[in-house]
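Only one structure is covered here, and it is reproduced in the block below.
The values are calculated or read from the model by the stated rules, or taken from the named source; none is laboratory data. As the structure is a prediction and not an experimental result, all values here were calculated from the model. Here the Cβ positions follow ideal geometry from the backbone for every residue, glycine too, while neighbour counts run over all protein chains shown.
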Amino acid sequence: MKKLSTLILVVSFAFGSFAQGMVRDGFVEILGRKVDAPEVQQFFTSYEIQHTNGAKYSSVKNGIDIDTKQDSVVTVNVYKSSPVYGSYTGKLSKGLAFGLTSAQVIAKIGKPTLAYTNSGYSEYIYPGYTMTCWYEQGILSQLSFSPKENKK
């Protein structure tokens, strides 16, 4: 009985944690996970993501493009408005929203780790992942998430 209670607790925690991530957006939670993992499949179903070709998965309806390598998620790209991938209208990580200026993003989440203001690119490194902000005409138009690379 103790093992069953422990198992139920672990499963509840795992699904609860993922559900909390889905309230936020879920992008970070699927990084590095296998495409056939239950939580990734749940994410794909939630956002209507389909296998498009090769190592690519996307949702034209929801503005999401995913790259994989060896069947693991390596990049999640989210677009404000893309002619190829559509428009994402849900909540974003860190309280961000498409349409913010780079100054507004900095006010919300701090100074980026790396920024090229002339090219509309900034990068934030967090434990376990990197979030990249892309700007068009000074307005946040794309976010990309990738696992943090371990440099030796």
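On the basis of being farther than 15 Å from residue 29 by Cβ, among the aromatic types (Phe, Trp, Tyr) and surrounded by 19 or more Cβ atoms within 10 Å (Cβ to Cβ), does residue 57 make the cut? Yes: the conditions hold for residue 57.
Determine which member of the set 146, 122 is modelled with pLDDT of 90 or more and more than 13 Å from the chain's Cα centre (by Cα). One residue alone meets the criteria, 122. Of the strands (runs of 3 or more DSSP E) lying entirely inside the stretch 91-152, those containing at least 2 residues that are hydroxyl-bearing (Ser, Thr, Tyr) and over 20 Å from residue 33 (Cβ atoms) are 121-126.
Yes/no per residue for (1) part of a strand (DSSP E or B); (2) surrounded by fewer than 18 Cβ atoms within 10 Å (Cβ to Cβ):
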{"residue": "40", "(1), (2)": "no, no"}
{"residue": "51", "(1), (2)": "yes, yes"}
{"residue": "73", "(1), (2)": "yes, no"}
{"residue": "76", "(1), (2)": "yes, no"}
{"residue": "84", "(1), (2)": "no, yes"}
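No other residue among 111, 91 is within 13 Å of residue 25 (Cβ to Cβ) and either out of contact with any Phe, Trp or Tyr (no Cβ under 7 Å at 6 or more places or on another chain) or free of Cβ contacts under 8 Å to residues at least 12 places away in the same chain (or both) apart from 91.
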